[in-house]
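In what follows, a structure is listed as structure tokens, so that the remarks can point back to it.
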Amino acid sequence: MSKYSGKSASSLKFKHLIYEKKNLRATITINRPEVHNALNYAALRELGAACEDAGWDDDVAVVILTGAGTKAFCTGADMKEWSADFLDTPADFYKWMGVFIETFERLRTIGKPTIARINGMAVGGGNELQMSCDLAIATDDSVIRHVGVARGSVPGAGATQWLPIIVGDRRAREMLFLCEEIPAAKALEWGLVNKVVPRKHLDKAVDEMAEKLINKLPECLRYTKQQLNFWRDFSWGMTIGHVRDWLTIHTGSAEVREGVQAFVEKRPIDYKKLRRTQRTQKR
């Protein structure tokens, strides 16, 4: 076996993922349902390793990405980890963000078609994760949302780059500025997902789409994907380094601290009070 071949799924001892390979499909399941499949450092590392393995395995034609349980596909970065690790040592966020970038790039450039199986909430980095996939099928009770500007972050790791391309500029601004839920039906209308089905039909719909992709020429498909990635790669390459630095510098700021702590403590933010405090500090 070549050192560039994939490994058996069982040999990859993941703690935060369920990884399966069969029938020319690799299925990666983020297995952190207790935190709505939020991504911590360890989960990001495992996701990157799974993508590498699926990309190298010639017996994998299609990669399916999903979340465990029925409530969430993925809700982005684990805010409890953020609160514990980065508010007081924001320089460490630069390292975490590097792993985040590498993982998302590995998924986007895997060289094989990818399907996001959206089985619930896709929030923040979870939406960026599903946008990193080529195609997406969602249950009719799923919602997609961004909360960065309400919770102390900026949605710059895919959302500001790719949402305008996928749904248009005004709709992207609506999602990122207002932080409101986009129901599955509206996501379909906007082109944010390819198909919406009742939950009981989700696996069948994903399997049927995967079978259609398997019955295509792999090299032709890979190159078509590469060309289609041009504008995503261009916008990402021009901005992601800036986002990484901005988030690192501002992770210890009053806005981010308040947003993250409020989320962890499950309390509302007094935005007007925060604005008044900022005005007073400037004087």
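Counting 0.36 nm for each residue step from residue 239 to residue 214 and taking away their Cα separation leaves a gain of 5.6 nm. With a Förster radius of 30 Å applied to the C-beta separation of residue 2 and residue 230, the computed FRET efficiency comes to 0.50. Couplings 3J(HN,Hα) of the range 50-55, computed from phi: 5, 5, 4, 5, 5, x Hz, in residue order, whole Hz [Karplus 6.51 cos²θ - 1.76 cosθ + 1.60, θ = phi - 60°; x for Gly and Pro]. In plain terms, the residue of 107, 178, 129 with the fewest other Cβ atoms within 10 Å comes first and the most crowded comes last, giving 178, 107, 129. Among 248, 70, 29, 224, the order by Cβ neighbours within 10 angstrom, fewest to most, reads 70, 224, 248, 29.
Relative to its Kirkwood radius, the Cα radius of gyration of the chain gives an Rg/Rh of 0.97.
Neighbour counts of other Cβ atoms within 10 Å put 231, 56 in the fewest-to-most order 231, 56. Of the listed pairs 15/225; 21/204; 7/225; 71/200, which have alpha-carbon separations greater than 19 Å here? Check vs 19 Å cut-off fails for 15/225; 7/225. Measuring nothing but how far apart in sequence close Cα pairs (under 8 Å, 6+ apart) lie, relative to its length, the chain scores a relative contact order of 18 percent. Applying 0.36 nm per residue to the separation of residue 254 and residue 181 and subtracting their alpha-carbon distance, the gain on full extension is 23.7 nm. Averaging 1/r across all pairs of distinct Cα atoms in the range 137-282 and inverting the result yields a Kirkwood radius of 18.2 Å.
Computed over the chain, the per-residue total of -39500 (n - 2.57) for DSSP H runs of n ≥ 4 gives a 222 nm mean residue ellipticity of -16000 deg cm²/dmol, rounded to 500.
Each reported figure results from applying straightforward, stated rules to the coordinates on display, with no laboratory input. No experiment lies behind these values; they were computed from the predicted model shown. Don't worry about glycine lacking a Cβ; one is built from the backbone with ideal geometry, like all the others, and counts go over all protein chains shown.
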